[in-house]
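Laboratory data are not the source of any read-out in this text; all were calculated from the coordinates shown. Note that the coordinates shown come from a computational prediction; the quantities given were computed from them, not determined experimentally. All Cβ positions, glycine included, derive from the backbone under ideal geometry; neighbour counts span all protein chains shown.
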Number of protein chains: 2
Amino acid sequence: MSSQVQENLVSSNEKYASNFKHGDLPLPPAKKYLVVTCMDARIDPAAAFGISLGDAHVIRNMMFTQAGASASDALRSIIISQQLLGTNSVLLIKHTGCGMLTFENRDIYQVINRNLGQGATGELEAQSFDFQPFPDLEGAVREDVEFLRKSQLVAKGVEVSGWVYEVESGRVRKVI
Amino acid sequence: MSSQVQENLVSSNEKYASNFKHGDLPLPPAKKYLVVTCMDARIDPAAAFGISLGDAHVIRNMMFTQAGASASDALRSIIISQQLLGTNSVLLIKHTGCGMLTFENRDIYQVINRNLGQGATGELEAQSFDFQPFPDLEGAVREDVEFLRKSQLVAKGVEVSGWVYEVESGRVRKVI
């Protein structure tokens, strides 16, 4: 039995595929850029940031770089995007109203302990698992951009810029 | 001076924001689900998977779980999505034509060494950095779904399903 969420995927996709005309796009992004933003449900990157199909890689994750995160999934994807698939510009876009602006590690651990029990919390503690909340939005954008600009895993010629998307207005503004 | 990519972001977003009517959506996803898919430029999750603004978290990354990846960014985002923001269904969607079907770690290291030099390669080697390529698409979908279903960091009631998106046809099909 598939749930309502799965039924929606199947029926929406049938409509999409029945009218699909982009089956011959190549693997490397045509406009050679990469957008890094949040998984937040209120963001539609293609629509809000003007990304046409085939033009750009889009990485979406709750959080991104910060201290010690050089081995992160996001960085791994960025390396692949740039080194194997030729992108040379990164737009890093955080947003207002992000959960990570208000949560603290302590709060998150408490919720996990309550909902999933001591075993789950212990697994996270054993890994010193850091959810990387950030209280300062613009500051976090600058920090992540500096991290990428300084990393020797990002080639010198790659352009990295940082932005804030306002979920209240749909507007994007440049930070750095 | 902003590049063409940045100019496109600004001008496209101006149009989007001038007609924006969703400024009051709450933080938790209305339909309580989470889509995990790839950063590939040929995927538009909102359009292809029928996701309306505010309905679902969308995580996009080159790769996902697999051996030893329990501390991954993706899992971190999944925990936040489920424990703090109430999602209870995960659609995990990999796709045909993915770069990670053909690359091997060895190839990726060679390219990085050539483009970025020994310092960059050394930094990755010091971390035993694994790009997690996968030769078997359906197998990788099953593996990731099993990983999530077994993880004690995912609550028992959460529904996890696995899918393949065909970039050639725009069609999605269920694997598990």
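Shielding value for B:85-93 is 2, the average number of Cβ atoms from other chains within 10 Å of each residue's Cβ. Sort out the exposed loop trypsin sites (Lys or Arg not before Pro) in chain A (DSSP loop, at most 12 other Cβ within 10 Å) and tell me the longest stretch that has none. Longest site-free region, per DSSP loop and neighbour criteria: A:22-155. Peptide A:112-124 is shielded by partner chain Cβ atoms: per residue, an average of 4 of them sit within 10 Å of its Cβ.
Could you please report the charge total around B:TYR33, scoring K, R as +1 and D, E as -1 over all other residues with beta-carbon less than 11 angstrom from its beta-carbon? Result for the neighbourhood of B:TYR33: 0.
The mean count of C-beta atoms from other chains within 10 Å of the C-beta of residues in B:48-57, rounded to a whole number, is 6. For each pair in A:LYS31/A:LYS94; A:LYS150/B:LYS94; A:LYS32/B:LYS150; A:LYS94/B:LYS32; A:LYS94/B:LYS21, compute the distance between the two Cα atoms and list the pairs where it is over 29 Å. Violating the 29 Å Cα-Cα cut-off are A:LYS150/B:LYS94; A:LYS32/B:LYS150. Here the 3J(HN,Hα) profile of region A:170-176, calculated from phi with Karplus coefficients 6.51, -1.76 and 1.60 at θ = phi - 60°, is x, 9, 10, 9, 7, 9, 8 Hz, Gly and Pro shown as x. As a calculated quantity, the FRET efficiency between B:ILE176 and A:GLN127 at R0 = 25 Å, using C-beta atoms, amounts to about 0.40. Summary for A:GLN152: label point 7 Å along Cα→Cβ; distances to the equivalent points in the other copies, ascending, 4.0 nm.
Among residues other than B:PHE103 with Cβ under 15 Å from its Cβ, the summed charge is -1 (Lys and Arg +1, Asp and Glu -1). Between A:ALA155, A:ALA126, A:ALA46, the residue with the greatest mean-square fluctuation in the GNM of chain A (Cα pairs under 10 Å linked by springs) is A:ALA126. Within the listed set A:ASP144, A:ASP24, A:ASP40, the Gaussian network model of chain A (springs between alpha-carbon atoms below 10 Å) gives the highest mean-square fluctuation for A:ASP24. Under a Gaussian network description of chain B, with springs only between Cα atoms under 10 Å, the residue in B:PHE129, B:PHE147, B:PHE103 that fluctuates furthest is B:PHE129. When +1 charges are put on Lys and Arg Cβ atoms and -1 charges on Asp and Glu Cβ atoms, the dipole computed for the protein assembly as shown relative to its Cα centre reaches about 440 debye. Going by a ≥ b ≥ c, the root eigenvalues of the Cα gyration tensor, does chain B fall in the rounded group (a/c under 1.5), the prolate group (a/b larger than b/c) or the oblate group? Oblate is the answer for chain B, as a/c is 1.5 or above yet b/c matches or exceeds a/b. For B:LEU53, neighbours were defined as the other residues whose beta-carbon sits under 10 Å from its Cβ, and their charges (Lys and Arg +1, Asp and Glu -1) total 0.
Looking at the protein assembly as shown, the DSSP beta bridges with both ends there are about 20 percent antiparallel. Shape class of the protein assembly as shown from the alpha-carbon gyration tensor: rounded, with the ratio a/c of largest to smallest axis under 1.5.
Counting from the shortest, the label point at B:GLY119, 7 Å from Cα toward Cβ, is 4.7 nm from the same position in each remaining copy.
If R₀ is 35 angstrom, what is the calculated FRET efficiency for the pair A:ARG142 and B:GLU168, using the beta carbon separation as r and rounding to 0.05? It comes to 0.30.
Given +1 at the Cβ of Lys and Arg, -1 at the Cβ of Asp and Glu and no other charges, the dipole of chain B around its Cα centre is 560 debye to the nearest 20.
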